[in-house]
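Since every read-out is calculated from the coordinates, none of them should be taken as a lab result. These numbers were taken from a predicted model, which means no experiment stands behind them. So basically every Cβ, Gly included, is an ideal-geometry build from the backbone, and we count neighbours across all protein chains shown.
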Amino acid sequence: MTKSLSERIALYADENKSTGKQFLPAFIALKPEIEQALQDGWAMRQIWNILHQEEKIKCSYQWFRTLVNRHIGEDRKRHPCMHQRKSTGNGHEGFRFNSAIEKEKLI
């Protein structure tokens, strides 16, 4: 008798519990270098390409992005750096829409 989909998924999950965790130790070891490269302005794709070519990281790019967002993204949120918005000085940040039309500027 064939097992139901739920039973097959449960069996697969039991057999493959640590599929994503196998890449975590290598990522944590390289975390300071990855953080520095991101601060230097390099794209995640470029960082992953080099580390993947050097065989220092063997995960997919998508999983690498997940690891960066989980482990480095949290640090960025806790420790704001130079990527913050600067105040304009008038108490308002960013773009402000003014719906009033000034006819002098239209001519």
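Quick check for me: using +1 on Lys/Arg Cβ and -1 on Asp/Glu Cβ, what's the dipole size of the range 19-79 about its Cα centre, in debye to the nearest 20? Let's see the in-between values first.
Working: 10 positive and 7 negative charges, 60 e Å.
In total the dipole reaches around 280 debye.
Just to check I understand the Karplus step: with θ = phi - 60° and J = 6.51 cos²θ - 1.76 cosθ + 1.60, what whole-Hz values come out for the range 63-68, glycine and proline as x?
Ordered by residue, 3J(HN,Hα) equals 5, 4, 4, 4, 5, 4 Hz.
Using all Cα-Cα distances in the range 19-79, what percent lands in each 10 angstrom bin from 0 up to the longest?
Here the calculated profile for the range 19-79 is 22, 62, 15, 0.
Rank GLN36, ILE50, THR66 by how far each Cα sits towards the positive end of the charge dipole of the range 19-79 (+1 on Lys, Arg Cβ; -1 on Asp, Glu Cβ) and give me just the farthest.
THR66
Starting at the first residue of the range 24-38, write each ³J(HN,Hα) from the Karplus equation 6.51 cos²θ - 1.76 cosθ + 1.60 with θ = phi - 60°, in whole Hz, x for Gly and Pro.
Each residue's phi maps through the Karplus curve to give 4, x, 5, 5, 4, 5, 9, 3, x, 5, 5, 4, 5, 5, 5 Hz.
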